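Please read the structure below before turning to the comments.
The values are calculated or read from the model by the stated rules, or taken from the named source; none is laboratory data. Since we're looking at a predicted model, the values are computed, not measured. Here Cβ is always computed from backbone atoms with ideal geometry, including for glycine, and neighbour counts include all displayed protein chains. The accessibility values were calculated without ligands, DNA or RNA, using every heavy atom of the protein model including side chains. Shrake-Rupley method; radii C 1.70, N 1.55, O 1.52, S 1.80 Å.
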Amino acid sequence: MKRTISYEWRGPEEPLDSRIVTACRMSIYEVEDNGDRLTARGSFTLHDHAEGCKGEDPWIAVGTCSNDTFEWVVQRAKPTPDEFVFTSRSGEPLFCLSDKTNAAIKAFIASKLTLITRSARENPNTNPFHIVHQPMRYVGPISKYRGACICHEIALSNNVQPFDWETLTDGGKYPSNCFECSCGTGWFRINPSNQWWVQVVDQNAWRMLTMFNGTAVEPIDFDPRSQTSLVMLVRTIRAFGLIPIG
């Protein structure tokens, strides 16, 4: 069955073998579905937060399907003559030197291939079949708090005496799990079940959280220089020379 099947995944970033090495972007350029045998190709972008870099690599995959169960063999595509990549002892091109990360990348790609192929089969009359998965942005109204500073109250919030976010945002008219005090301090409800709020001291992190409705589309962590819980992007922490540990 020849069909145009493609897919784009744009996050949020997902940890691979550690929380500081993440899947950042992935594309499936095409899938050829011949029933019990499938072939596919695409690209994958890894974000190494310890090294502070991103890398995009092409990949190829061969799959089989039996009783709606998909099995995929994924590999980094063969490099061009002027391209250097690491290889295994058997000569297979690698995404990176870590065996665990390579395995995690292959598993990630295989899971998305299964998702898109199954979805395409469930919609046989849609051609071309294309799906884009990306973080949802906040598009609702913004109701900012204008009263006296209540940072102390927010810091003491817990599931017994939770901070009343709903009332102070006029019924939730603000990005989920985010709150800006009248003094300008940004707060993030990092653990909603325990009603635990933490201060966001990185403007890039605050912009991300409010833009994407309280979703961390790239990793955040606590500032290791502080005795209190201050949230920053992992890449901001690294910019200070504090290399995160996975």
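Of all residues in the range 149-206, those being polar (S, T, N, Q), touching a Cys at 6+ places or on another chain (Cβ under 8 Å) and part of a helix (DSSP H, G or I) number 0. Looking across the range 94-114, just one residue is of a type in the set (A, V, I, L, M), open to solvent by 30 Å² or more (accessible area, probe 1.4 Å) and at pLDDT 95 or above, and that is 107.
Taken over the range 127-145, residues that are in a loop (DSSP other than H, G, I, E, B) and open to solvent by 60 Å² or more (accessible area, probe 1.4 Å) amount to 9. Among the numbered conditions (1) open to solvent by less than 50 Å² (accessible area, probe 1.4 Å); (2) farther than 15 Å from residue 110 by Cβ; (3) in contact (Cβ under 8 Å) with a residue 12 or more places away in the chain, the only one that residue 91 does not meet is (3). Restricting to the range 41-77, and then to whatever is at pLDDT 90 or above and among the charged types (D, E, K, R), can you tell me which residue is farthest from the chain's Cα centre (by Cα)? In this case the residue turns out to be 71. Among the residues of the range 11-51, write down those that are open to solvent by 50 Å² or more (accessible area, probe 1.4 Å) and over 26 Å from residue 69 (Cα atoms). Those that are open to solvent by 50 Å² or more (accessible area, probe 1.4 Å) and over 26 Å from residue 69 (Cα atoms): 19, 51.
Could you please give the count of residues in the range 207-246 that are among the acidic types (Asp, Glu) and either assigned to a strand (DSSP E or B) or free of Cβ contacts under 8 Å to residues at least 24 places away in the same chain (or both)?
To start, the set of residues in the range 207-246 that are among the acidic types (Asp, Glu) comprises 218, 221, 223.
When the remaining residues are screened for being either assigned to a strand (DSSP E or B) or free of Cβ contacts under 8 Å to residues at least 24 places away in the same chain (or both), the result is 221, 223.
Final tally of qualifying residues: 2.
Condition check for residue 156 on (1) open to solvent by 30 Å² or more (accessible area, probe 1.4 Å); (2) touching a Ser or Thr at 6+ places or on another chain (Cβ under 6 Å); (3) of a type in the set (A, V, I, L, M): one failure, at (2).
For the residues 215, 228, the requirement of being among the polar types (S, T, N, Q) and either within 27 Å of residue 98 (Cβ to Cβ) or under 18 Å from the mean Cα position of the chain (by Cα) (or both) singles out 215.
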